[in-house]
Amino acid sequence: MLSLLAMVLVALGGMGAVAVVYVVVVTIEYLADWFRARSERLQTDPDLRCVTVSESIRDGNVAYIQGLFDTSREQFVDSRRVEGKQADDRVRNAHAHHQVAVWG
C-alpha cells in the first residue's frame, strides 16, 4: 500500500498543470476557507482528505498545491495552486518536515 505522500505525488504527476494560480499571503485561514467551501463534499465522502503539498520554496516565495485527495482513487478530485510571498508560521510548520500536510 502506497503512503499518502507517494499517492499524492503520483496524483500530482497525473493531474497536469493546475490552471488557476492564486498569489496571496498563505495563511491557515486562507486555506481553511477553501476547505470549508467544500465541506458538504468532505462530509459525504469518507475517502477525501484535505491536503497541501509544498511544491517549491524559492526567493522567499512559496507555492502549494491545495486539494481534496481521494484515497480510494489515489488522485485529487479538486485542487488549486497557491503562490505567495510568504506563508504564516502554522503553514510553514505543517510542511517543515514533510512535503505533504493532511489537514483535520
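Read the figures in this text as sums done on the coordinates, not as results from a lab. In this text the structure is predicted, and so the values were computed from the model without any measurement. When we count neighbours, we look across all protein chains shown, and the Cβ atoms used for this are built from the backbone with ideal geometry, even at glycine.
Descriptive notes on the structure:
- Length added when fully stretched, Ala32-Asn93, from 0.36 nm per residue minus Cα-Cα: 20.4 nm
- Based on Cα contacts under 8 Å between residues 6+ apart, the range 54-104 shows a relative contact order of 31 percent.
- Among the trypsin sites (Lys or Arg not before Pro) found in the range 67-104, those both in a DSSP coil and sparsely packed, with 13 or fewer other Cβ atoms within 10 Å of their Cβ, are Arg73.
- For the range 87-94, backbone phi angles converted through the Karplus equation (6.51, -1.76, 1.60; θ = phi - 60°) give residue-by-residue couplings of 10, 6, 4, 5, 6, 4, 5, 5 Hz, Gly and Pro being listed as x.
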